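One structure below.
What follows draws every value from the coordinates through simple rules; no lab data is involved. Since the structure is predicted, the reported quantities are computational estimates derived from the model, not experimental observations. In this analysis, Cβ positions are derived from the backbone assuming ideal geometry, glycine residues included, and neighbour counts consider all displayed protein chains.
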Amino acid sequence: MIAPRRFLPSIASLQALEAVERLGTATAAAQELSLTHSAVSRQLRSLEDQIGVTLFRREGKGLALTPAGADYAQSVRGCLNDLARASLKIRASGSRSTLNLGILPAFGIHWLSPRLRAFADAHPEITVNLSTRLSPFDFSRDKLDAAIHFGARNWQGVDFLELAGERVIPACAPMLVPNGPVTPQDLLTLPLLHLESRPGAWEEWFDRAGSPAARLRGMLFDQFAQMAEAAALGFGVALLPDFLAEAEFRRGRLVPAYPNYSPAEGTYFLVWPHLRDPARPLQTLIRWLQA
């Protein structure tokens with residue numbers, strides 16, 4: 001149920017409040033909104049009368065928001081942004097159904113996007129919107145139908161569809177290994193690059209290679225793409241998943257620093273809320289991925 005109209009101020013008055021709080025003066029807000037100073041003042045007075053709370057006070061010839069007005073303005077900004085995003089989404093998709101996916105950057109670009117191209121060709125009636133995140137998704141807060149999860153089946157309250165395992169390989173600029181791939185012991189003499197979301201990845205790799213190593217240090221990155229770029233510039237050796245490493249090998253920017261891929265702990269899953277029936281576009285994508 002929508003709140004009574006007395007709690008729903010006009011968009012114009014909310015824009016005036018948000019602009020004054022963000023820009024600091026009614027004059028600056030008036031310039032941004034293409035209004036006169038007096039028009040902005042009238043919008044603020046109208047909003048104040050409707051809400052029944054003092055939202056601003058006069059300071060000389062200017063206006064200053066009260067603490068209550070500033071708090072309200074910040075809430076209003078979030079609502080206006082949500083409304084703008086909703087309008088953009090429906091404008092972009094038109095009459096087509098929409099599917100909102102949260103993706104991991106490197107996996108989304110190199111593994112998922114080529115497959116979504118084929119999905120879009122097979123289902124032109126569905127528009128897929130992608131949102132890139134590095135931190136875990138919260139389906140109770142984020143406006144997503146599904147998301148990509150890497151790791152184990154350890155996310156509570158979701159259903160899982162396994163997409164792909166992961167293989168990794170040490171990769172670096174050609175100048176670091178001029179004679180080709182080297183041994184694990186040789187790798188320990190080179191600078192190693194690390195990913196924030198994969199603590200212990202190098203230690204795990206050396207264990208699998210039969211050369212245990214501990215307390216490995218080096219430059220730290222929050223995305224595979226940034227780490228691959230640093231490796232291409234010669235900063236060190238990056239432990240990259242196959243879908244990204246192969247793309248860089250083809251470009252010639254990186255070469256294998258070790259001859260073989262190794263399996264990594266973790267799997268890529270498509271996940272969606274367990275207690276919420278998947279909408280038809282998501283059902284279509286799940287069936288398509290399963291096939």
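Candidate membrane-span-like segments in the chain, meaning DSSP H helices with Cα atoms spread over at least 27 Å of their own axis and a Kyte-Doolittle mean of -1.0 or above, are 67-93, with no membrane implied.
Shown for 54, 189, 284, 66: other C-beta atoms within 10 Å of each C-beta, ranked fewest to most, produce the order 189, 54, 66, 284. I want to make sure I understand the PRE zone here: with the label point 7 angstrom from the Cα of residue 280 toward its beta carbon, which residues in the range 103-142 have backbone N atoms less than 16 Å away? Counting backbone N atoms under 16 Å from the label point, the list is 123-128. For residue 156 and residue 140, the difference between the fully extended length at 0.36 nm per residue and the C-alpha to C-alpha distance is 4.5 nm. Packing order of peptides 173-181, 223-231, highest average first: 223-231, 173-181 (average count of other Cβ atoms within 10 Å over each peptide's residues). Ordered by the count of other Cβ atoms within 10 Å of each Cβ, fewest first, 155, 111 give 155, 111. Provide the FRET efficiency to the nearest 0.05 for the residue 68-residue 179 pair, computing r from the beta carbons and using R0 = 51 Å. Efficiency, rounded to the nearest 0.05: 0.15.
Note on the chain: helix-only mean residue ellipticity at 222 nm, from DSSP H runs of 4+ residues weighted -39500 (n - 2.57) and normalised by residue number, equals -12000 deg cm²/dmol. A straight chain from residue 10 to residue 49 at 0.36 nm per residue would run longer than the Cα-Cα distance by 12.8 nm.
Here r is the Cβ-Cβ distance between residue 291 and residue 22 and R0 is 35 Å; the resulting FRET efficiency, rounded to 0.05, is 0.10.
Along the axis of the charge dipole computed for the chain (Cβ charges of +1 for Lys and Arg, -1 for Asp and Glu, origin at the Cα centre), the listed residues 136, 177, 102 are led at the positive end by 102. Gyration tensor over the Cα atoms of the chain: the corresponding equivalent ellipsoid has semi-axes (square roots of 5 times the eigenvalues, largest first) of 49, 26, 17 Å.
Straightening the chain between residue 253 and residue 83 buys 56.9 nm, computed as 0.36 nm per residue apart minus the Cα-Cα spacing. At R0 = 45 Å, how high is the FRET efficiency between residue 34 and residue 267 if r is their beta carbon distance? Nearest 0.05 is fine. Using R0 = 45 Å, I get an efficiency of 0.25.
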